[in-house]
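Student: The structure is given below, and queries will be raised subsequently.
The values are calculated or read from the model by the stated rules, or taken from the named source; none is laboratory data. Since we're looking at a predicted model, the values are computed, not measured. As a convention, Cβ positions derive from the backbone with ideal geometry for all residues, glycine included, and neighbour counts pool all protein chains shown. Note: accessible area is taken over every heavy atom of the protein model, side chains too, but ligands, DNA and RNA are not part of it. Shrake-Rupley method; radii C 1.70, N 1.55, O 1.52, S 1.80 Å.
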Amino acid sequence: MVYLIIVVGIGVYFAKHTKNIEDFALAGRGLNTPVLLGTLFATYIGGATVVGWTGSFYTMGFDWWFSGLGAILGIVAATFLLAERFRNLEQFTVPDMLALRYNNSTRYVSAVMIIIGDVAIVTVQILALTGILVTFTDLDRMPAMIISIVSFTLISLFGGMKGVAITDAIQAILIFGGLLFGVIVVFNIGDGPGAVFSALPENYFTPFTEVTYLGALGLAIASFGTTAVSQSMIFTRVFSAKNSKVAKRGLMWLIPTALIGYGLVALLGYSGQAILGPDVPEADVFAVVVTNLMTPFVGGLLLAVVMAAIVTSTNSILLSSSVNLTRDFYQQLVKRDVGNVELMRVGQLSVITFSILAFILAVVMPDIVTAIVFAYTMYSASLLVPLYAGYLWKGATAAAGTSGVIAGGGTALIWYLLQEPFGLPSMIPAIVVSLIVVFGVSMFTKKPDEEQLKVFNK
């Protein structure tokens, strides 16, 4: 609780530096490399990674690295294919970029997808932090939920991106240090790395033991797609960097640091498997490691790590969805000539609105987490092909961009509702259909004009 109060206080402190929409949404486009890397790392190694991936590595051994590989490749794609060009174009959102390359129809459908996905994930984050507070404090569920959403909202509302970035950079140190310290402690309990690894099951590090080749491909593509188009994790930071070189440099440094973060999480999972045995439910592995293997001090530190990770991720997502509503709908449809200060106020109101909506969903529908998480997958499936095809291929047309967004998201939804036939993850057919639609429609529709192709000059 003390930790949450400190983090919220730091975020609110930066309210005085937030004067307009660029300050609120993009920290005045002034993030330097260390702060940029800190906010990227803290957001990327989020609560889902620390808690969820500890259990996944515990259960699946080597095979969960296929998800890690896909995520790293997603960062690589964003770094070397889009980062510098996106920063040079000085926009605010991924739908901004799609509108520049295609048209406003593509902007609107992509913004809707992002907002739905972002609100869904904020709902899950409320439930995650609530679960931690209820489990490890004397709080009842409803007060814990209220504390969770108020903490998320205040930092985003008052500090904007600058408050989020600074608190992220501080928390990145806590996340990295806490994970490293936790691994050292569990290795010590397990009589050292050699004893821990020798106690693991046979074939634990043999590829394709827990998944088929198709399953491994599905894990990699799902993580790749989610990362490569993530506005809240990646591109908001790109737009916030001082310049294009800083944007690319920050992402390049994220590649090895994220790998180290994944490695530390993996070691927690492996240690849990070696020391606790194979019978701990996957979702409970992190909590059991903290309560059964850690001293109160170390356990408290790791809980602070998770809370830090959840807070950083959620703040970014709230800002992402609020800026989508502000830039991609309010400014476009309501008042095109609106001033920067008014846009900031609308963005702040949007934060409150989305926070309330996510809180209501968390209260009334806490048992549909899988469906809620899928909303984020659908957003990734919608944007991946149109975004990268548009900025890598001059032949992609405006009609193809809009059609690709709808086809990708629609295919993912239908495949999910059909309960993933043939064991094929939704992202794979979504990408295939989206590719066919983008290239097919481009062959038969009006070619891009000079204005749409100006993005290739940046």
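Student: Name the one entry in THR402, THR411, THR370 that is in a helix (DSSP H, G or I), over 19 Å from LEU100 (Cα atoms), open to solvent by less than 50 Å² (accessible area, probe 1.4 Å) and of a type in the set (Val, Ile, Thr).
Tutor: Result of the check over THR402, THR411, THR370: THR411.
Student: Right, next: Could you figure out which of (1) over 25 Å from TYR379 (Cβ atoms); (2) assigned to a helix (DSSP H, G or I); (3) not aliphatic (A, V, I, L, M) isn't true of SER151?
Tutor: Among (1) over 25 Å from TYR379 (Cβ atoms); (2) assigned to a helix (DSSP H, G or I); (3) not aliphatic (A, V, I, L, M), the lone unmet condition for SER151 is (1).
Student: Any idea which of ILE149, ILE114, ILE72, ILE121 is open to solvent by less than 10 Å² (accessible area, probe 1.4 Å) and within 26 Å of VAL50 (Cβ to Cβ)?
Tutor: ILE114
Student: GLY250 fails exactly one of the following numbered conditions: (1) at pLDDT below 95; (2) closer than 30 Å to GLY390 by Cα; (3) in contact with a Ser or Thr (Cβ under 6 Å, 6 or more places away or on another chain). What is the number of that condition?
Tutor: (1)
Student: Taking MET60 as meeting all but one of (1) crowded, with 24+ Cβ neighbours inside 10 Å; (2) modelled with pLDDT of 85 or more, write down the number of the exception.
Tutor: (1)
Student: Report the residue count in the stretch 414-454 for those that are touching a residue at least 40 places away in the same chain (Cβ under 8 Å), under 22 Å from THR227 (Cβ atoms) and either in contact with a strand residue (DSSP E or B) (Cβ under 9 Å, 6 or more places away or on another chain) or open to solvent by less than 40 Å² (accessible area, probe 1.4 Å) (or both).
Tutor: Count: 9.
Okay, residues lined up against (1) of a type in the set (A, V, I, L, M); (2) farther than 19 Å from GLY163 by Cα:
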| position | (1), (2) |
| --- | --- |
| PHE235 | no, no |
| LYS248 | no, yes |
| ILE275 | yes, yes |
| VAL288 | yes, yes |
| GLY300 | no, yes |
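Student: From ALA195, ALA216, which residue is in contact with a helix residue (DSSP H, G or I) (Cβ under 7 Å, 6 or more places away or on another chain), assigned to a helix (DSSP H, G or I) and either touching a residue at least 40 places away in the same chain (Cβ under 8 Å) or surrounded by fewer than 16 Cβ atoms within 10 Å (Cβ to Cβ) (or both)?
Tutor: ALA216
Residue-by-condition table, conditions (1) closer than 27 Å to PHE80 by Cβ; (2) under 22 Å from the mean Cα position of the chain (by Cα); (3) part of a helix (DSSP H, G or I):
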| residue | (1), (2), (3) |
| --- | --- |
| ILE175 | yes, yes, yes |
| PHE181 | no, no, yes |
| PRO207 | yes, no, no |
| ALA220 | yes, yes, yes |
| GLY225 | yes, yes, yes |
| PHE235 | yes, yes, yes |
| LEU264 | yes, yes, yes |
| TYR270 | no, no, yes |
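Student: Something else about it: Which condition number does LYS454 fail, the rest of (1) out of contact with any Lys or Arg (no Cβ under 8 Å at 6 or more places or on another chain); (2) part of a helix (DSSP H, G or I); (3) under 28 Å from ASP118 (Cβ atoms) being met?
Tutor: Exception for LYS454: condition (3).
Student: Conditions: (1) touching an Asp or Glu at 6+ places or on another chain (Cβ under 7 Å); (2) open to solvent by less than 50 Å² (accessible area, probe 1.4 Å); (3) not hydroxyl-bearing (Ser, Thr, Tyr). GLU210 meets all but one. Number of the miss?
Tutor: Exception for GLU210: condition (2).
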